[in-house]
Amino acid sequence: MQDILVLYYSQYGATRALAQQIARGVESVEGCRARLRTVPKVSTVCEAVAPDIPDSGAPYVERADLEACIGLALGSPTRFGNMAASLKYFLDGTSGEWLRGALAGKPACVFTSSASMHGGQESTLLSMVLPLMHHGMLWVGLPYTHAELNQTLRGGTPYGASHVAGIKNDATLTEEEKILALAQGKRLAGIALKLADR
């Protein structure tokens with residue numbers, strides 16, 4: 001079995017829901033399994049230390065997860081058109097992996113959630129791709145061969161799966177959002193397997 005790392009940060013659960021759908025898509029591909037991981041919240045108090053194990057949900061990511069995966073799905077809520085600080089903080093600490101080329105040539109996709117329809121989803125997805133490109137990763141988007149990209153009235157972009165969670169974070173994933181997240185996971189896993197066999 002080959003691992004696809006599904007790494008995300010989710011404060012209220014919307015991005016986690018997308019991550020779980022992407023993981024289902026990954027695991028629909030024979031020979032692949034999803035490794036769900038998260039990052040701790042960044043504290044404004046310099047002395048604060050996150051617990052070694054989160055209270056619930058996926059375990060915290062370790063550097064070894066990056067080395068071991070054959071592909072990466074990276075997810076974050078939208079924060080003013082950018083990725084959340086917690087995910088950015090983790091990525092900023094991956095210079096060792098960058099120097100070794102640990103992620104070079106591996107495929108990656110990105111996903112996000114936002115409170116509002118025009119809350120900066122596409123710019124967030126693009127901001128998450130930048131560090132992945134510096135690592136030499138290969139960006140895997142969602143092609144318009146998925147009819148749901150034209151049918152969705154909420155989330156879903158060619159840059160990556162997305163979800164509109166609502167101002168109160170009470171909107172569940174729509175059918176189109178679920179289908180696109182599943183498709184993204186499946187596409188990433190399929191491409192990762194082909195590249196790993198070379």
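The values are calculated or read from the model by the stated rules, or taken from the named source; none is laboratory data. Given the structure is predicted, the values throughout are model-derived calculations rather than measurements. Note: ideal-geometry Cβ built from the backbone for every residue, glycine included; neighbour counts use all protein chains shown. These area figures cover heavy atoms from the full protein model, side chains too; ligands, DNA and RNA do not enter into them. Shrake-Rupley method; radii C 1.70, N 1.55, O 1.52, S 1.80 Å.
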Simple spin-label estimate for HIS134 and ARG24 in nanometres, 7 Å along Cα-Cβ:
3.5
Go through region 11-16 residue by residue and turn each phi into a ³J(HN,Hα) via Karplus (6.51, -1.76, 1.60, θ = phi - 60°); whole Hz please, and just put x for glycine and proline.
7, 10, x, 5, 5, 4
Region 9-23 versus region 133-149: alpha-carbon centroid distance in Å:
18
How far is it, in nm, from the label point at VAL42 to the one at TYR12 when both lie 7 Å from their Cα along the line to the Cβ?
2.0
Hey, if we sort ILE53, ILE22, ILE191 by accessible area with the 1.4 Å probe, largest down, what's the order?
ILE53, ILE191, ILE22
Tell me whether region 65-198 comes out rounded, prolate or oblate; compute the Cα gyration tensor, take square roots of the eigenvalues as a ≥ b ≥ c, and use a/c under 1.5 as the rounded threshold.
oblate
Anchor LYS194: lysines whose Cα lies under 17 Å away (excluding residues fewer than 8 positions away in-chain)
LYS106, LYS186
Summing -39500 (n - 2.57) over the DSSP H runs of n ≥ 4 in the chain and dividing by its residue number, what mean residue ellipticity at 222 nm do you reach, to the nearest 500 deg cm²/dmol?
-11000 deg cm²/dmol
Measure off, as a whole percent, the carbon and sulfur share of the 1.4 Å-probe accessible area of region 20-116, all protein chains present.
54
Given H placed 1.01 Å from N in the peptide plane, which residues other than close sequence neighbours of LEU36 have an amide H under 5 Å from its amide H?
VAL6
When the Karplus curve 6.51 cos²θ - 1.76 cosθ + 1.60 is applied with θ = phi - 60°, which whole-Hz ³J(HN,Hα) does each residue of region 175-189 get, with x for Gly and Pro?
4, 5, 4, 5, 4, 5, 5, 4, 4, 5, x, 5, 5, 4, 4
What list of ³J(HN,Hα) values in whole Hz, one per residue of region 118-135 in order, does the Karplus curve 6.51 cos²θ - 1.76 cosθ + 1.60 (θ = phi - 60°) give from phi, with Gly and Pro shown as x?
10, x, x, 4, 5, 5, 5, 4, 5, 5, 6, 6, 3, x, 5, 5, 5, 6
What is the magnitude of the charge dipole of region 116-198 about its Cα centre, with +1 placed on the Cβ of each Lys and Arg, -1 on the Cβ of each Asp and Glu, and no other charges, expressed in debye to the nearest 20?
240
Candidates per chymotrypsin sites (Phe, Trp or Tyr not before Pro) in region 30-99, loop by DSSP, up to 13 other Cβ within 10 Å:
PHE80
Quick query: amide H of ARG79 versus all other amide H atoms, modeled in the peptide plane; which residues come in under 5 Å with a sequence gap of 5 or more or a different chain?
ALA84
Using a 1.4 Å probe, what is the accessible area per residue for the chain, in Å²?
50
Please state the shape class of region 13-127: rounded when a/c is under 1.5, otherwise prolate if a/b exceeds b/c and oblate if not, all from the C-alpha gyration tensor.
rounded
Would you grab the residues whose amide H sits under 5 Å from the one on THR157? Only those 5+ places off in sequence or on another chain, please, with H modelled 1.01 Å from N.
SER162
Along the charge dipole of region 1-122, Cβ charges K/R +1 and D/E -1, which of LEU74, ILE4, TYR60 sits furthest on the positive end?
LEU74
Applying 1/(1 + (r/R0)^6) with R0 = 30 Å to the Cβ-Cβ distance of ASP55 and ASP197, what FRET efficiency is obtained, to the nearest 0.05?
0.15
Counting pairs of alpha carbon atoms under 8 Å apart in space and at least six apart in sequence, what relative contact order in percent does region 50-124 give?
40
State the antiparallel share, in %, of DSSP beta bridges confined to the chain, rounding to the nearest 5.
10
Magnitude of the Cβ-charge dipole of the chain, K/R +1 and D/E -1, about the Cα centre, nearest 20 debye?
220
Of LEU138, GLY155, GLY96, which is farthest towards the positive pole of the chain's charge dipole, taken about the Cα centre with +1 and -1 on the beta-carbons of Lys, Arg and Asp, Glu respectively?
LEU138
Pairs of alpha-carbon atoms within less than 8 angstrom and 6+ residues apart define the contacts here; what relative contact order does the chain have, in percent?
27
Does region 102-158 classify as rounded, prolate or oblate by the C-alpha gyration tensor (a ≥ b ≥ c root eigenvalues; a/c under 1.5 gives rounded; else a/b over b/c gives prolate, otherwise oblate)?
oblate
